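Step one of this worksheet: look at the structure below.
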Number of protein chains: 2
Amino acid sequence: MSQERPTIELATSPGYLLKVASTALRTAMEEVLRPLGMTITHYSCLELLAQRPGLSNSELARGTFVTRQSMNVLLQSLQRDGLVTRPEQPASGRALPTELTAAGRRQLAGASAAVRGVEDRMLADMDAADRRRLTGLLERCVVALRQE
Amino acid sequence: MSQERPTIELATSPGYLLKVASTALRTAMEEVLRPLGMTITHYSCLELLAQRPGLSNSELARGTFVTRQSMNVLLQSLQRDGLVTRPEQPASGRALPTELTAAGRRQLAGASAAVRGVEDRMLADMDAADRRRLTGLLERCVVALRQE
DNA sequence: GACGGTATGTCAGGATGCTGACATGAGTCA
DNA sequence: TGACTCATGTCAGCATCCTGACATACCGTC
């Protein structure tokens with residue numbers, strides 16, 4: 001089949017490249033997280049909690065790009081497995097602040113190392129200046145898209 | 001607050017930013033395509049066909065990041081709506097080369113303009129050099145992730 | 001104190017996409 | 001030629017996630 005010719009027009013589209021890169025990264029992360037019995041959302045939830053303890057279900061959902069409903073079922077399984085804790089009763093409002101347990105921190109440590117390995121591979125041939133350029137350009141994309 | 005175990009700093013993590021930017025772009029594209037009655041996969045399929053006529057179902061699936069099965073049902077609806085054509089019998093092998101109809105090209109024209117508008121907004125504050133840097137860096141990410 | 005607006009957690013119902021599997025056709029190599 | 005490998009189109013079954021909805025709790029203004 002005629003698949004030795006790459007798509008030339010699409011290859012120059014930043015939007016398409018963004019999708020390609022994001023998909024490649026997600027696939028690579030899934031590959032290293034699967035042996036650990038974790039999904040990307042599972043890992044992202046623990047990572048978020050490590051950096052910002054006490055986040056609510058809805059805040060975790062926004063940070064991991066899923067709905068509140070999906071995060072709710074994930075949190076219940078994480079709680080059942082003893083990786084996170086949530087108070088029975090809300091201290092204020094309805095939000096239940098979530099925190100990592102020692103077991104959760106242990107599991108996160110392994111997963112974080114694996115994910116860092118993927119990220120390092122992605123940036124292997126870039127020096128510090130290139131990495132700063134990449135993050136800076138991506139940030140500008142996000143800001144520009146946010147404003148309607 | 002210093003942490004014992006270094007975790008990934010999400011705010012400056014290229015991987016996380018890649019996800020954020022990709023999600024923001026997808027959301028923005030969905031917003032402009034919804035009034036046209038199209039999904040991103042729907043649009044991407046037409047765009048791919050415009051640039052590379054005669055692609056098979058499987059090739060379209062790979063190019064739009066869905067499975068062959070999902071692309072198959074989409075192609076059937078596109079065919080039913082008269083936007084694409086596929087031969088009844090394969091000329092060789094099993095692949096059925098798909099082509100845009102005039103109606104498909106018309107619909108694509110509107111959608112392509114809308115999507116280009118989104119991309120322009122994303123890159124609004126970047127000059128040509130910045131855009132080249134962005135695409136170049138993204139390409140290097142993809143290449144680095146591809147090799148196991 | 002009452003009210004509207006906003007945010008949260010939670011409960012079904014349904015749409016979307018994927019995994020697994022099968023038969024078929026083409027290319028490869030002994 | 002025959003066995004093997006790979007890719008393709010298609011079918012069924014299932015998992016996943018989202019849309020819609022509701023009750024509740026805070027916060028602002030009046």
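Please treat every number below as a calculation from the coordinates, not as lab data. On a predicted model such as this, the values are computed, not experimentally measured, just so you know. Cβ atoms come from the backbone with ideal geometry, glycine included; neighbour counts cover every protein chain shown.
For the reader, a short list of remarks on this structure follows.
- Across chain B, the convex hull enclosing all Cα atoms gives 178 Å³ per residue.
- Anisotropy class of the range B:102-148 from Cα gyration tensor, a/c 1.5 cut: oblate
- A:Val84 long-range amide H proximity, modeled H, under 5 Å: A:Gln79, A:Thr101
- Principal-axis tilt of helix A:128-146 within chain A, Cα atoms, nearest 10 degrees: 70
- Within 10 Å of each Cβ in A:40-53, the average number of Cβ atoms from other chains: 2
- With a cut-off of 13 Å between beta carbons, the residues surrounding B:Gln79 carry a summed charge of -1, where Lys and Arg count +1 and Asp and Glu -1.
- Debye equation applied to the C-alpha atoms of the range A:22-77, log10 I(q)/I(0) at 0.14, 0.15, 0.17, 0.18 Å⁻¹: -0.37, -0.43, -0.55, -0.61
- GNM flexibility winner over chain B from B:Thr85, B:Thr98, B:Thr135 (Cα, springs under 10 Å): B:Thr135
- Degrees separating the helix B:14-33 axis from the principal Cα axis of chain B, which is the longest one: 40
- Size of the protein assembly as shown as Cα extents on the principal axes (Å, biggest first): 62, 41, 40
- Helix A:40-51 axis, angle to chain A major axis (alpha carbon atoms, nearest 10°): 60
- Of B:Gln79, B:Gln107, B:Gln89, the residue with the greatest mean-square motion in the GNM of chain B, using alpha carbon springs below 10 Å, is B:Gln89.
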